[in-house]
Amino acid sequence: MGATISYGELHSKAQHFALVLVKLGVTPSDLVMFFADNSIEYVVALYGAAFLGAVTLTQSKPANGSYEMAQQLLDSKATVLVFGKQQVPVVQMALNSPEYSSAVQQLKIFVQLNSKGKFDDQLQNSEALREKKLLSFGDIFNQWENFKSQPKDLTSIPYFPVHDPATDHALIVYTSGTSGQPKGAIHSHRSFIAGQLNLRLPAHFEGFKLAMQYPLGHLSGTIFIPQAFDAGMTVVLFDDSALEPILQAVDRYRIEVAFFTANVASRLATEDFASLSLDLNCLKAFRYAGAKIADHLLKAIQTRFGGAELWNLYGSTEMVGTVVTVDRAQAGPEHFVPGSLGVVLPNIELKIADLESGDQLVALPPGELGEICFRGPPCFLGYLNNEKATRETISQEGWYRTGDVGYFDPASGCLFAADRLKELVKFRIWSVVPAEVEHFLLQKCAPAIAEVCVVGVPHLTDGQWLRAYVQRKKEGLPVEEAEVMNLVKRK
């Protein structure tokens, strides 16, 4: 059996983690960046940092390389790095690279999770970290002698006052874009809480167990865990999205609620799991998001699992996750139309804008195709250090432009998506921006590459894989296919 933690213990340890950060000198002007795989330690550290209140948080995807991590550090100006054991080689590469030295220098505190009580020796002996404060998660709770006599509870939560919840920064989530580097979507305390409250789980989920494989380094992992806690659920956390271990845990722990993604929908609908000798009759509900799934697969999954509730979630990072949903088990014919995204949640406004109207966002009548736009309390404040992208994404009237094309059906009250204006590749549970990979290759291979185009290639189980079309410079440095692939893999 894996590690377990109760609500009470989580709350207590999170407060202790917050107190240690304060004693190490963290102030409201600091920003804490998380860079780790899913673990209970990650949840404790994330809650602890959130308990501080005015301290801003950001999360780097655990699959990021040194290039992406350093770019996010520099853009966010993070001063505290909380990282996992699996990310040590990436941190080490950044420390040893002159091009990332400025990103490392701005950090003043390093906290290593999943370290078995000891900070990594290679990092400990790094010249670049000689003047930094280094500690492991185990140090905080087992060996940090200076804090044994200190109070175990914060005097207040949040510890640092939040002066204006509507404008003070709480979380910066780096999101996919259509060009260049990912952008940091700024969420205030108000917008983040509004997004949480907008999709409260039904009362009958209380006491259920939830299988959570979405990464905490992604907004979905960050929002769904507190939603589950709010509903009185137990979260069974996974550090990988492989289907077989999740199904084995469903049988072992009698899990009632699970997430799935488009790349495993066909397996859940058709694959014979008899060889695994699993009893999956305990599953009562599924939640799915991230990409469109064929209606016949959804019907097959629902039939196969005894009429389990299927919750479709449609949303975006900029709106703190879900803004449209439908419960396929409870919605009757008048509330659900096959192929729809579902109904817009309360406190969210929807506009279908004319694609030719530019910044005016002229509303179209029901049934006509246009750009899907939303407005409401969960909407983000803007993109960090990027006023141009903010103006292009949020209209003067506060409408968030999703980049999706769709229409509204007044008869059913449902929203339908038809196309995307943005270019995204869905690899497993990740959204990958082709332009980001193109930017990287052009930057790192400038002496050898003239042009590059990255596209998504359909894959049977992973959604899409990336393929790069590269044009060499006629008089540039020679470069081979393997060199380009290895460069991307390393960074």
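Considering the conditions (1) open to solvent by less than 10 Å² (accessible area, probe 1.4 Å); (2) out of contact with any strand residue (DSSP E or B) (no Cβ under 7 Å at 6 or more places or on another chain); (3) in a loop (DSSP other than H, G, I, E, B); (4) of a type outside the set (Phe, Trp, Tyr), Pro28 is excluded by exactly one of them, (1).
Just name the residue that is nearest to Glu131 (Cα to Cα) out of those in the range 82-120 that are of a type in the set (Lys, Arg) and at pLDDT 90 or above.
Lys108
Note on the range 133-154: residues that are open to solvent by 40 Å² or more (accessible area, probe 1.4 Å) and at pLDDT 90 or above total 1.
Working only within the range 224-262, note down all residues that are open to solvent by 30 Å² or more (accessible area, probe 1.4 Å) and of a type in the set (S, T, N, Q). Of everything in the range 224-262, those that are open to solvent by 30 Å² or more (accessible area, probe 1.4 Å) and of a type in the set (S, T, N, Q) turn out to be Thr234, Ser241, Gln248.
Filter the strands (runs of 3 or more DSSP E) completely within the range 72-140 down to those with at least 1 residues that are in contact with a Gly (Cβ under 9 Å, 6 or more places away or on another chain). In the range 72-140, 109-112, 133-136 are the strands (runs of 3 or more DSSP E) which contain 1 or more residues that are in contact with a Gly (Cβ under 9 Å, 6 or more places away or on another chain).
Within the range 28-59, can you find the residues that are among the polar types (S, T, N, Q) and touching a Ser or Thr at 6+ places or on another chain (Cβ under 9 Å)?
Matches in the range 28-59: Ser29, Thr56, Thr58, Gln59.
Taking the range 401-491 and the strands (runs of 3 or more DSSP E) fully enclosed by it, the elements with 2 or more residues that are modelled with pLDDT of 85 or more are at 414-420, 449-459, 463-472. Any residue that is outside any loop (DSSP other than H, G, I, E, B) and loosely packed, with under 14 Cβ neighbours inside 10 Å - is there at least one of those in the range 300-307? Within the range 300-307, one or more residues are outside any loop (DSSP other than H, G, I, E, B) and loosely packed, with under 14 Cβ neighbours inside 10 Å. Scanning the range 187-207 for residues that are under 17 Å from the mean Cα position of the chain (by Cα), assigned to a helix (DSSP H, G or I) and more than 19 Å from Val326 (Cβ to Cβ) yields Ser191, Phe192, Ile193, Gln196. Determine, yes or no, whether Val324 is modelled with pLDDT under 90, out of contact with any helix residue (DSSP H, G or I) (no Cβ under 9 Å at 6 or more places or on another chain) and in a strand (DSSP E or B). Yes; evaluated as a whole, the condition is true for this residue.
Can you say whether Tyr67 is assigned to a helix (DSSP H, G or I), modelled with pLDDT of 95 or more and not aliphatic (A, V, I, L, M), as far as the supplied structure shows? The answer is no for Tyr67.
Applying the condition of being more than 23 Å from the chain's Cα centre (by Cα) and under 20 Å from Gln181 (Cβ atoms) to the range 388-417 and asking which residue is surrounded by the most Cβ atoms within 10 Å (Cβ to Cβ) yields Arg391.
All of (1) among the hydrophobic types (A, V, I, L, M, F, W, C); (2) open to solvent by less than 10 Å² (accessible area, probe 1.4 Å); (3) out of contact with any Ser or Thr (no Cβ under 8 Å at 6 or more places or on another chain); (4) at pLDDT 95 or above hold for Ile172 with one exception: (3). Of the residues screened, Asp164 is one that is over 24 Å from the mean Cα position of the chain (by Cα) and over 29 Å from Glu9 (Cβ atoms). A single entry from Gly184, Gly217 fulfils the requirement of being part of a loop (DSSP other than H, G, I, E, B) and at pLDDT 90 or above: Gly217. Considering only the range 107-123, state which residues are polar (S, T, N, Q) and either open to solvent by 90 Å² or more (accessible area, probe 1.4 Å) or in contact with a His (Cβ under 6 Å, 6 or more places away or on another chain) (or both). Hit for the range 107-123 is Gln122, nothing else. Which of the residues belonging to the range 245-271 are within 24 Å of Asp295 (Cβ to Cβ) and basic (Lys, Arg)? Once the filter is applied, which keeps residues that are within 24 Å of Asp295 (Cβ to Cβ) and basic (Lys, Arg), the range 245-271 yields only Arg267.
Against the conditions (1) open to solvent by less than 20 Å² (accessible area, probe 1.4 Å); (2) among the small types (Gly, Ala, Ser); (3) assigned to a strand (DSSP E or B); (4) without any contact (Cβ under 8 Å) to a residue 40 or more places away in the chain, Ala269 satisfies every one except (3).
Among the numbered criteria (1) more than 26 Å from the chain's Cα centre (by Cα); (2) modelled with pLDDT of 90 or more; (3) open to solvent by 10 Å² or more (accessible area, probe 1.4 Å), which one does Leu129 miss? Only one criterion in (1) more than 26 Å from the chain's Cα centre (by Cα); (2) modelled with pLDDT of 90 or more; (3) open to solvent by 10 Å² or more (accessible area, probe 1.4 Å) is unmet by Leu129, namely (3).
The values are calculated or read from the model by the stated rules, or taken from the named source; none is laboratory data. Keep in mind that this is a model prediction, so the values were computed, not measured. Cβ: placed from backbone, ideal geometry, glycine included. Neighbour counts: every protein chain shown. The area values use the complete protein model at the heavy-atom level, side chains included, leaving out ligands, DNA and RNA. Shrake-Rupley method; radii C 1.70, N 1.55, O 1.52, S 1.80 Å.
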